[in-house]
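A short worksheet on the structure shown next.
The values are calculated or read from the model by the stated rules, or taken from the named source; none is laboratory data. Source: prediction; values computed, not measured. As a convention, Cβ positions derive from the backbone with ideal geometry for all residues, glycine included, and neighbour counts pool all protein chains shown.
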Amino acid sequence: MSSNKVLLFGNEAIAHGAREAGVYFASAYPGTPSTEILEIFSKFPGIYAKWSPNEKVALEVGIGASLTGTRTLVTMKHVGVNVAMDPLMTFTYTGVVGGFVLVSADDPEMHSSQNEQDNRILGKFAKIPILEPSDSQEAHDFTIFGYELSERFSTPVMLRETTRIAHAKGLVELGEWSEPKRGEAFERDTERFVMMPIYARKRHTIVEQRSIDLHRFSNEWEGNRLELADTKVGFITGGIAYQYIKELMPDASFLKIGMPWPFPDQKAKQLAEHVDRVIVVEELEPFLEEEARLAGIACEGKAYFSREGELNLDRVTAGLAKAGIDVPAPPEPVQAGEVLSRPPVLCAGCPHRGINMALKKINADVYGDIGCYTLAALPPLGSLHTCFCMGASIGNAIGSSLAAINPKHGQVAVIGDSTFLHSGLTGLVDLYYSQANATVVIVDNSITAMTGGQHHPATGHDLMGNHAPQVSLERIIEAIGIEHIVTLDTYDYDKALEQLKGAVQYEGPSVVIARQACALFPSKKRPQPYVVLEDCNACAACFRIGCPAIFPSETEFHKKKPKAVIDPDACTGCTLCSQVCPIDVIVPLEQKEVKA
């Protein structure tokens, strides 16, 4: 592979960097904004890449690979690191054998997440070095460097990117591919790898010494770069924030941070000695600001820049204005034209729509989970009432069922097939163990749809496109001991409604598997579309299912009750609108043509 410059997303750059670094083994659970890293990496020759059922397992299998001497990559979104923290906090004690990089893809502004936590804090908590790229080239270069750092200090390394780095393109100078570094075998070392107290105490001492050595290295590393210029103000910054402040204040002095922890305090002191005033510009938490203050550096930061959301040129300009620094206003953004409001909505033909229509009909208390079906919380469905984290739905339903003196409604947990395998299994064990009067609805669309259609253990395929053993949800549920199990077709609304009612009315634990394939993956469904006949009486029943293929007639849009129209290009022929139409005027296109 010859050296060349190409335009890459940050996630693509990380994948290429890992391949150039000689990574052989990669594991992950898909989660925006990290997903594309493994999808790209899996296409390279001579490697092994896999989806795991959840982030904890992904990290644990990655640890196993590293212990053989194999260079390993594990990727996940920021909340996935929460799931993986248990093994990570001990892996930092044992240290690596083969180089190990953990990508944490943080999501400021919560573009597709339930929170916007700052995982620099978790990296410091785990006492592992953190690398933070500010563009695609650094995403590539820092990945390669991460393996050198990991093996030099025998430590896992966190590469922390954010959505704007992951999903923005930049020119990247690619290099030659290295031979994948694959270890021969696991070499036993009980005192190092068996973390019982007698051995773990000794390893903790090693971790603390490693932190001291890493701190010294951070002050020497060129990725923490001093750019000394104007003496009025100096900025400590890194990641995407560096790009914004550099664009607005090109003549200022900078400490551009590439390794947030251990913090390069000596370089920060050099900056402070050079300038009259130090300002820290960073997204989310005052991580660098606090590190600078701990180093005895007088600085300002979060007094001018919010802990919430992403930074951009406008927000940085406003923050500098609060700090009394005048900068040219950024260019006026192009004004968007007025368009019809398009809130998030389930896709046309989505199999989750029918079961959520039924849940709303029976007026159950519905404890939700992480997946496309979370959108059912929004109008017009409004059938889902909580959402915390992966797998929380089942525990929420159990706790509510056991604690409430007089529940007003049926207690239902809704969880997707991929999410169920991710973290619903232990919750279902607890449901059986506690014999709570609750129903678990597994909305099985046979794919991990929300993150782009990735396979999981129940789809029959792996990340690399091979056929794989297919886990049976029914057999798992039966093995746990649940007796009342119903499998239904979400497109057969009336029957599904009756089956759901029966499960919710059942005294004791029950499980409903609401099964119908995703409308988009592995390929978009293209059956016969449906149309609305001229006899439509504008009752709006079809609007209430929230299908984006159904919209008001343009000629009657101004009316309080316009008639319905179906976009034949968007319609997948799922038939739900036809089933809820009280006067049977929604029919297959071919039926209308026959009548005509």
* When both residues are 6+ apart or on different chains and their Cβ atoms are under 6 Å apart, which pairs have a first residue that lies in segment 71-93 and is assigned by TED's automatic domain parsing to the domain that holds A58, and a second that is part of a strand (DSSP E or B) and charged (D, E, K, R)? -> H78/D106
* **A13, sole failed condition from (1) under 20 Å from M464 (Cβ atoms); (2) small (G, A, S); (3) not in a strand (DSSP E or B)** => (1)
* Structure fact -> Checked against (1) in a loop (DSSP other than H, G, I, E, B); (2) among the β-branched types (V, I, T); (3) surrounded by 22 or more Cβ atoms within 10 Å (Cβ to Cβ), I355 satisfies every condition except (1)
* To do: Determine whether V429 is surrounded by 24 or more Cβ atoms within 10 Å (Cβ to Cβ) and more than 20 Å from the chain's Cα centre (by Cα).
  => no
* Run down R160, R201, R182, R188 and say which single residue is of a type outside the set (A, V, I, L, M, F, W, C), in the same structural domain as V101 (by TED's automatic domain parsing) and surrounded by 24 or more Cβ atoms within 10 Å (Cβ to Cβ). => R160
* Structure fact -> Looking across segment 50-104 at residues that are basic (K, R) and crowded, with 24+ Cβ neighbours inside 10 Å, the single one that is farthest from the chain's Cα centre (by Cα) is R71
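Rundown of residues vs (1) in contact with a helix residue (DSSP H, G or I) (Cβ under 9 Å, 6 or more places away or on another chain); (2) of a type in the set (V, I, T); (3) over 25 Å from D106 (Cβ atoms), yes/no style:
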| residue | (1), (2), (3) |
| --- | --- |
| M195 | yes, no, yes |
| K202 | yes, no, yes |
| S211 | no, no, no |
| M249 | yes, no, no |
| V280 | yes, yes, no |
* To do: Pull up segment 214-249, narrow it to residues that are surrounded by fewer than 14 Cβ atoms within 10 Å (Cβ to Cβ) and under 33 Å from the mean Cα position of the chain (by Cα), then point me to the one that is farthest from S150 (Cα to Cα).
  => E247
* Asked: In segment 476-518, what residues are in contact with a Leu (Cβ under 8 Å, 6 or more places away or on another chain), assigned to a loop (DSSP other than H, G, I, E, B) and under 14 Å from N437 (Cα atoms)?
  -> I482, P509
* To do: Determine which single condition R307 fails, assuming it passes every other condition in (1) assigned to a helix (DSSP H, G or I); (2) outside the structural domain of L149 (by TED's automatic domain parsing); (3) not aliphatic (A, V, I, L, M).
  => (1)
* **The listed residue being free of Cβ contacts under 8 Å to residues at least 60 places away in the same chain and farther than 18 Å from G424 by Cβ, out of A298, A376, A397** => A298
* Selection from segment 516-556 of residues that are charged (D, E, K, R) and under 14 Å from R353 (Cβ atoms) -> K525, R544
* Within segment 299-333, count every residue that is among the aliphatic types (A, V, I, L, M) and either touching a Cys at 6+ places or on another chain (Cβ under 6 Å) or over 19 Å from R164 (Cβ atoms) (or both). => 7
* Asked: Do you know which of the residues in segment 407-457 that are hydroxyl-bearing (S, T, Y) and in a helix (DSSP H, G or I) is nearest to H385 (Cα to Cα)?
  -> T419
* **Candidates I415, I482 - the one that is in the same structural domain as G371 (by TED's automatic domain parsing), aliphatic (A, V, I, L, M), surrounded by 18 or more Cβ atoms within 10 Å (Cβ to Cβ) and more than 27 Å from the chain's Cα centre (by Cα)** => I482
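Per-residue answers, yes or no, for (1) aliphatic (A, V, I, L, M); (2) closer than 30 Å to H455 by Cα; (3) not assigned by TED's automatic domain parsing to the domain that holds I447:
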position: K525; (1), (2), (3): no, yes, yes
position: C547; (1), (2), (3): no, yes, yes
position: P552; (1), (2), (3): no, no, yes
position: A564; (1), (2), (3): yes, no, yes
position: A570; (1), (2), (3): yes, yes, yes
position: V587; (1), (2), (3): yes, no, yes
position: Q591; (1), (2), (3): no, no, yes
* Only strands (runs of 3 or more DSSP E) wholly contained in segment 72-188 count here; list those with 2 or more residues that are over 22 Å from G46 (Cα atoms), of a type in the set (A, V, I, L, M, F, W, C) and out of contact with any Lys or Arg (no Cβ under 8 Å at 6 or more places or on another chain). => 157-162
* So which residues in segment 392-410 are buried (at least 24 other Cβ atoms within 10 Å of the Cβ) and of a type outside the set (A, V, I, L, M, F, W, C)? -> S393
* Residues that are among the β-branched types (V, I, T), under 14 Å from the mean Cα position of the chain (by Cα) and assigned to a helix (DSSP H, G or I), drawn from segment 19-49 -> I37
